[in-house]
Structure formats: structure tokens, C-alpha cells
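Bear in mind that the values in this text are calculations on the coordinates, not laboratory data. Every value quoted in this text rests on a predicted model; they were computed, and no experiment measured them. As a convention, Cβ positions derive from the backbone with ideal geometry for all residues, glycine included, and neighbour counts pool all protein chains shown.
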Amino acid sequence: MRLLFVLVVVVVPVLVTGIAVDRFPSLSVLDEPAHIDYLRRIEQGEVPRIGDKMLPATARDVACRTIGGRPVSDCSLAEIPIEDLDALGFSYEAQQPPIYYAVTALLRQPISLVVNGFVNSARLTGAIWLAGGLALLWWFLRRRLGATALATATACILVSMAPMVVGQSYTVNNDATSVLIGATTLVGYERLRRDASGSVVALAVAGSVALVLVKPLAILPIGAAAVALLLGAVTRGAGIRAIVVLMLPALAALVTYQGWEVIRDARALVPYSEVTDALLVGRPIVDEYPLDVVGTSLTELLTGYADRVGVQPIRPAVAGFAAMIGLLLVYGPSIATALGRGRRELQHLHIGILTVALAAPVVLITQSYLAVSRDGGSNSRYALALIPMMTTAVVSWMDDSRGLRRVAVIGASLLLAVTVIGVSTHEVVT
């Protein structure tokens, strides 16, 4: 079993991420240049502020690597014009809290001793973030759900081979933390469900604050856990006081999310609206609440397993296969569990997941409309932190159904093999 653990949790993430980093130098269109600039500033001992312009070294990375194959400036120039970059050269990811970048800066140091280039060594830290999340998920499934090693390995492969997970794990961005955030929230949910003592609640509150300061949209899995805890408490006939205590971690996450925005704006060199206007140039101003966008986005987060956005190191045919596997083996059991199959606590969890996946797009579209009056809202990559939680249904069903076990093991094995081959042979056309 130890060999299987090392293979699934360590070897697979390092292998797929390493191949992708080696073969795809072009920067992701999902704001990777701005994340790289943030990381550089952290390593220089500063937390960037709204209004800072990107560093010359970042501008050169963009010019020489391109963004998704799109040339931005002439790499041969002695000095790359900062204004040629997106958002007029503003380091617009200064909106993010600093924990991901500070930890990534530390993780990058030993990698930089054996890997040439700032960007390559920074990108390879994604394998560590992914491996950490898979290790915690493995522990939870084995120790808390009592799953077999085979079922646990299958679930971890389904998570790590999701096209969106691969795409975010080989680039510099705080979405690389999503699997770890989802697994951490899962552990916290299960502990609170069993024991809502003062010390456990205090630890959960501190954990929620930390997760939001790693990735603000950690509020999505935390929200899913809160819905599940609420359903469990109501089912048990818990009193108002007990319910309020269980909701404290989610409340702390929400306060932290809003609090960081206050800190961000207080440190800003220019109004945040000036940066967003530069970033969203070309997008039409929305005069009325975009009901049509809401209507087409209700299931946006449910595409998080298989959607391909940006520079994606997987062949389209492989991504299509992954979509089928994800539909059958990730979302199918999750929906069935929410509808009443399987253990009661898992039923509550998956009702929470689906509630968040349906409600979050509406909330995010509303927030975008009120803040910038531009088209915007949810993105399927925001769902990545929900995927580790969804695989609990897969494991539960694998332990109860021989037919699903066979399908899941075969499907996960094929997905692993085809994805590794797809990454190693796929060429990006620039």
C-alpha cells in the first residue's frame, strides 16, 4: 500500500506537472504574468499594492514566453514596455492575499537549485501543492471513511487527472492550492460534525481564516461544509445556539474575505476601479443586471472537473474523455448521494456542494455587476476546491457497488495513462 501511496500521491503529480512545465513555456491566459510578478515582489520582501506596475523581469518573461501563444512585445528589445502588458502593466493580482505567494517562494528555493529559470522553478511548486492535497485526501478517505486502498487510489487519480487540475498545477497561480484547500475543508467538516467542542470550533475558525488568506474563493468549499453542518444539526434537532456555533467557521471566512478587501483598498496607490477598468478594457459596460448571463451560468461551477481554459497541456480528445469520466464517476455519485443514496452525513455534504455550485455563479455575477458593471462572474476553475469533496461519494459507492468499482478502477486507470501520454505528446500551436 505504501508503494501505491507514493505512486498516486507523489509520482503522478510530479510526472505530469514536470512534463507540462518542460513542454509548454507559454504563460497561461489565466493571469499567470500577474501572479509571477506578485511572487517576484514577495521574494524581494514586499507585498504588492494596487497601482504597482509589473517588474521589468516579469515584462521580459511575458515578451519572450508569450501569453497562450499571443506575442505581447518584442523579446529582443533592450527594455520591454510595461504598458504593452495586460491592464496597462498594472500588477493587478495585488488584489490577492499574500500567503500562497510567501509559501510558494519558500518552496521554490530548493527547486531553483536544480531547475534553471525563475518561472520554471516557480511552476514546479504546483506539484508540491497538489501532492499535499492528495496526501491529505488519502488520509481522510482511509482513516475517516475507512475506504480501501484501491478505492482511495482511484479517487485520488480522478482528482489529480482532472484537466483543470493539471492545467492549474503546472502554472503559477493560487488556484494550484485548490485540492489542498478542498481536502483541508473536508477534514474540518468531518471533525466538526463529530465534535463541536470549543477547541475544535476555534481551530476550524482559524483554519477558515487561513484558507481564505491563501485563496479567497476558499469560501466556496467552506460554504458547502457549512450547508452540510446546518442540515446535520437540523436533522439532529440541535438548538439555535449549537447551530450558530457550527456556522462560526463560515462566518469567519466571510468576514476575512471582506476584511481583506478593506486592507487591499487601504494600501492601494490608485483606486481599484482604475486597475479593473484597464484590465477589462474592451468589455461592454452592463447597464442592467445581466439576467441572461445568470440564466446560462447556473451550472457553471459543475464544469470544474473537465473544462479546459487557457494553455491546457492535454489533448482535446483526452479532455473529452476526462469529461465523460468526470460525469459518470464524480458528478453522478455526487448527485445520487445528494438525492438520498449512501450515508446520511455524505448526503448532507453533497447537498451542500451542489447548493454552492448552483448559487455561487449568481452571487459572483452579482458581485461583478455591482463592483465594475462589466460582464463577469464565475469561472469553472473556481470549482476545483469542491472536487476532493465530491470524490467522497465515489469512494462510498465503490465500497457498496461491485459494478461501480470495476468501472471506476478501469476508468481512472485509463484516464491516468491517456492523460500522461496526452501531456507528453501534445503540442501547443502558437
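Distance between the C-alpha centres of segment 65-129 and segment 305-370: 29 Å, rounded to the whole angstrom.
For LYS53, the amide hydrogen comes within under 5 Å of the amide hydrogens of SER91, counting only partners 5 or more places away or on other chains and with H modelled in the peptide plane.
Here the extension length gained between LEU7 and LEU414 equals 145.0 nm, from 0.36 nm per residue of separation less the Cα-Cα distance.
The ellipsoid that matches the Cα gyration tensor of segment 101-140 has semi-axes, each √(5λ) in whole angstrom, of 22, 9, 7, with the longest given first. The protection proxy used here, the mean number of other Cβ atoms lying within 10 Å of each residue, ranks peptides 342-352, 194-204 as follows, highest first: 342-352, 194-204. Amide hydrogen proximity for VAL115: with H placed 1.01 Å from N in the peptide plane, no residue at 5 or more positions away or on another chain lies under 5 Å. Normalised by residue count, segment 181-336 yields a Cα convex hull volume of 195 Å³ per residue. Along its three principal directions, the equivalent ellipsoid of the chain from the Cα gyration tensor extends over semi-axes of 34, 27, 20 Å, largest first.
Multiplying the residue separation of SER112 and ALA202 by 0.36 nm and removing their Cα-Cα distance gives an extension gain of 28.7 nm. The charge dipole of segment 46-205, taken about its Cα centre with unit charges on the Cβ of Lys, Arg, Asp and Glu (plus for the first two, minus for the last two), comes to roughly 900 debye. When the chain is treated as a GNM with alpha-carbon contacts under 10 Å, the residue of ALA383, ALA135, ALA317 showing the greatest mean-square fluctuation is ALA317.
Listed peptides 368-380, 117-129 appear in the order 117-129, 368-380 once ranked by packing, highest mean of other Cβ atoms within 10 Å at the front. Here segment 2-425 is treated with +1 on each Lys and Arg Cβ and -1 on each Asp and Glu Cβ, and its dipole about the Cα centre works out to around 1980 debye.
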